[in-house]
Amino acid sequence: MTVDLTDPIVQAALVAGVLLILLFWLLIAAARRAARTTQTVDSLAGQMGQLTDYMQALGNGQSQLAGNIQTVSDAQATAQMRVIQTMESRLAEVNAQVAERLSDNALKSARSLADLQERMKETLTGSAEKSTKQLTELQERLATIDRAQSNIEKLSGDVLSLQDILSNKQRRGLFGEIQLTDIVSKALPTDSYTLQHTLSNGKRADCLVHLPNPPGPIVIDAKFPFEAYEALAAAETKDHQAVALRNLGAAVRVHIKAISEKYIIEGETADGAIMFLPSEAVYAELHARLPEVVRAGFDARVWIVSPTTCMATLNTMRAILKDARMRKQAGAIRSALRQLHRDVEIITERAGKLETHLRQASDDVSGVLTAATRAGKRADRLDNFDFEELAPDAGVTPLPLAPQGVSGQD
């Protein structure tokens with residue numbers, strides 16, 4: 001039976017097995033620690049039993065010693081009273097010392113047992129906390145592994161989807177057109193290019209950039225020689241690589257010839273066209289190992305660009321379009337300035353005529369005022385019947401009531 005270690009299910013099973021072994025090892029370690037604790041408690045209990053037996057034997061010895069003393073005291077009551085008293089006092093001291101030592105030993109044993117129980121409790125508590133922490137970390141790592149597995153599955157689906165797109169020639173062409181559309185829409189104004197433009201020869205270009213003359217409208221067509229490049233990537237021996245490299249160059253030459261024949265039309269488009277490769281790897285392979293194919297594109301006036309170089313080329317085109325529009329606007333500004341200058345000349349001419357008319361009107365008004373003053377004086381004299389003084393003033397010409405050369409009959 002063959003197991004594929006790259007299979008996500010096999011990898012998940014291996015990870016689960018490793019985690020089960022780790023959990024089993026933790027349980028064995030905890031059991032060993034519990035067994036050691038039990039052995040320690042059993043040993044302490046044995047020591048306590050031995051201490052109890054020793055105390056019981058000591059009590060029995062005291063009873064026997066009292067009997068012996070009583071026998072000796074009965075036999076030698078009179079002669080050895082002092083000895084007996086001395087022995088009793090010493091025995092009391094011995095009993096007190098023994099009782100004191102037994103009490104101290106009991107207290108030490110109790111303290112040792114309490115300390116041992118406390119250490120066992122702390123050890124067990126620390127082991128439980130450590131085990132809980134390790135299990136929590138293990139659960140978190142499992143959750144992280146699950147998330148990573150889901151991301152890997154999603155990425156695998158995306159890779160398979162991209163593989164399906166690239167394996168189909170029609171879908172691959174749509175992929176290149178979509179990428180070209182996205183780059184062009186980000187680099188140029190919407191009114192400076194046309195997508196899927198049909199030329200006069202009936203051929204449809206992926207994109208036509210409306211550049212001013214010269215150079216004129218230029219065509220950008222997306223091509224993707226994926227089969228030839230995939231064969232080159234899969235070649236293992238040098239002979240296979242050489243064959244695959246020649247096939248890649250031939251495929252690119254076919255695309256160059258097709259673009260040169262279809263999308264370079266004299267009087268309608270520029271004298272060159274652009275072939276867009278939606279893959280930086282293919283573009284780099286051409287420039288690194290097939291420079292003669294790139295030169296063939298130059299000879300056919302077909303320039304090969306990648307997504308990066310296409311963006312740079314489009315930025316240059318945008319600068320050309322901006323310069324052309326500025327020149328066009330500059331011509332309109334010059335025309336408006338010429339019209340404004342003519343209007344200023346007309347206004348100056350009419351202002352001069354108006355000044356002449358106003359000056360004439362001012363002279364006429366002055367004459368009218370002079371005649372009115374003179375008429376007022378004459379009216380005053382007539383009112384006073386001073387006819388002798390009505391003679392015309394010397395050097396004063398009467399104001400004509402009608403223009404000269406016009407008879408009173410008119």
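All of the numbers you see were taken from the coordinates with simple rules; none came from a lab. Worth saying up front: this structure is predicted, and the values here are computed from it rather than measured. Here Cβ is always computed from backbone atoms with ideal geometry, including for glycine, and neighbour counts include all displayed protein chains.
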Seminar exercise, completed: Spelling it out for TYR193: with amide H atoms placed in the peptide plane at 1.01 Å from N, the residues 5 or more places away or on another chain with amide H under 5 Å from its amide H are HIS210
Exercise. Which value, in debye to the nearest 20, describes the size of the charge dipole of the range 168-325 about its Cα centre when Lys and Arg Cβ atoms bear +1, Asp and Glu Cβ atoms bear -1, and nothing else is charged?
Worked result: 100
For this session: Quick one: how many lysine pairs does the range 168-325 have with C-alpha atoms less than 28 Å apart and a gap of 8 or more or different chains? Give me the count, please.
Result: 16
Exercise. What is the order of TRP25, TRP303, fewest Cβ neighbours within 10 Å to most?
Worked result: TRP25, TRP303
Exercise. What distance in nm separates the simple spin-label points at LEU22 and LYS377, each placed 7 Å from Cα in the Cβ direction?
Worked result: 13.2
Exercise. Given a cut-off of 14 Å, what percent of all Cα-Cα pairs of the range 309-348 lie beyond it?
Worked result: 64
Seminar exercise, completed: Two pseudo-spin positions, 7 Å from Cα along C-beta at ALA31 and at SER200, lie apart in nanometres by 9.3
For this session: Tell me the label-point distance for the pair MET81, THR144, using the 7 Å Cα-to-Cβ offset, in nm and rounded to one decimal.
Result: 9.3
Exercise. Which value in Å is the Kirkwood Rh of the range 168-325 over different Cα pairs?
Worked result: 16.2
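If I take R0 = 51 Å and measure r between the Cβ atoms of THR132 and TYR54 in this structure, what FRET efficiency does the formula 1/(1 + (r/R0)^6) give, to the nearest 0.05? Mind showing how you got there, number by number?
Numbers: r = 44 Å, r/R0 = 0.86.
Approximately 0.70, to the nearest 0.05.
Taking neighbour Cβ counts within 10 Å as the exposure measure, how do TYR263, TYR54 sort from fewest upward? Kindly include the intermediate steps, with their values, before the conclusion.
Details: TYR263 27, TYR54 12.
Going from sparsest to densest Cβ surroundings: TYR54, TYR263.
Which whole number of Å³ per residue matches the convex hull of the alpha-carbon atoms in the range 300-374?
Values: hull volume 5.9 nm³, N = 75.
So the per-residue Cα hull volume is 78 Å³.
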Exercise. Which value, in debye to the nearest 20, gives the size of the charge dipole of the range 274-372 about its Cα centre, when Lys and Arg are +1 and Asp and Glu are -1 at the Cβ?
Worked result: 220
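Run the numbers for ALA234 and THR348: contour at 0.36 nm per residue of separation, minus the present Cα-Cα distance, in nm.
Details: separation 114, 0.36 × 114 = 41.04 nm, distance 8.41 nm.
Difference between extended and current length: 32.6 nm.
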